Amino acid sequence: MSSPSSLDELIEALRVLPGVGPKSAQRMAYHLLQRDQRGAQRLAQVLGHALEVLRHCERCNTFTEDAVCQRCASPQRDPSLLCVVEMPADLAMVEQTHAYNGLYYVLMGRLSPLDGIGPRELRLDKLLARATDSAVREVILATNFTNEGEATAHVIAEALAARGIKVSRLSRGVPVGGELEHTDAGTIAQALVERRAL
């Protein structure tokens, strides 16, 4: 005897979450239905509300309830610096450092030709328009150090350099508190290439 179709639909819907396979989705569905129906109702309400009110900021492309997010509207931020990140979670990590006070642009992904994501899908034209407004003096590329992130940074850097915009990239190297013995050879090699004078 098969399970009810609404249960199958719930399990399949939970599988859209990253890292959630069939077994995990099934466990989540059973937990929500049997042990936490109030939590399930709250999840449904909050998700529905978020889908209704959240949109992309007109300036930085992150999620916001307003046309322009609070960060972009803040007069305390340095408008001459624009940090480009892949996802809102990356923006949050940069903010946690308290070492950067400029503005952002969130790509909402990275170039991945195998997945059909090119410059058009990332709307790089919107980033270029934002980066070439009169206030921006430097664009800091903070995409991830994956193959796709590196390719994305390279394409953006070339496009911005052609427009005369100063472009920099986050440096890579041995992590703070890291020991060479436990660091991979690629990271050590990059740290040697990007070494600085003392």
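When you look at Arg110, is it basic (Lys, Arg) and surrounded by fewer than 15 Cβ atoms within 10 Å (Cβ to Cβ), yes or no?
No; evaluated as a whole, the condition is false for this residue.
If we scan the stretch 173-189, do we find a residue that is open to solvent by less than 40 Å² (accessible area, probe 1.4 Å) and either touching a residue at least 24 places away in the same chain (Cβ under 8 Å) or closer than 15 Å to Cys60 by Cβ (or both)?
There is no residue in the stretch 173-189 that is open to solvent by less than 40 Å² (accessible area, probe 1.4 Å) and either touching a residue at least 24 places away in the same chain (Cβ under 8 Å) or closer than 15 Å to Cys60 by Cβ (or both).
Mind listing just one residue for me: the one in the stretch 147-165 that is charged (D, E, K, R) and in contact with a Leu (Cβ under 8 Å, 6 or more places away or on another chain) and, of those, surrounded by the most Cβ atoms within 10 Å (Cβ to Cβ)?
Going through the qualifying residues, I end up with Glu148.
Taking into account only those residues within the stretch 156-181 that are in a helix (DSSP H, G or I) and at pLDDT 80 or above, which is farthest from Pro119 (Cα to Cα)?
Only one residue tops the list, namely Glu181.
Restricting attention to the stretch 89-113, which residues are free of Cβ contacts under 8 Å to residues at least 24 places away in the same chain and within 11 Å of the chain's Cα centre (by Cα)?
Ala89, Ala92, Met93, Gly109
Could we say that Ile140 is in contact with a Cys (Cβ under 8 Å, 6 or more places away or on another chain) and either open to solvent by less than 80 Å² (accessible area, probe 1.4 Å) or within 21 Å of Ala73 (Cβ to Cβ) (or both) here?
Considered against the rule, which asks whether it is in contact with a Cys (Cβ under 8 Å, 6 or more places away or on another chain) and either open to solvent by less than 80 Å² (accessible area, probe 1.4 Å) or within 21 Å of Ala73 (Cβ to Cβ) (or both), Ile140 comes out as yes.
Any residue in the stretch 93-102 that is touching a Lys or Arg at 6+ places or on another chain (Cβ under 7 Å) and not acidic (Asp, Glu)?
Yes: one or more hits.
The values are calculated or read from the model by the stated rules, or taken from the named source; none is laboratory data. This structure is a prediction, so every number in the text was calculated from the model and none was measured. We place every Cβ from the backbone using ideal geometry, glycine too, and count neighbours over all the protein chains shown. Heads up: the accessible areas ignore ligands, DNA and RNA and are worked out on the full protein's heavy atoms, side chains in. Shrake-Rupley method; radii C 1.70, N 1.55, O 1.52, S 1.80 Å.
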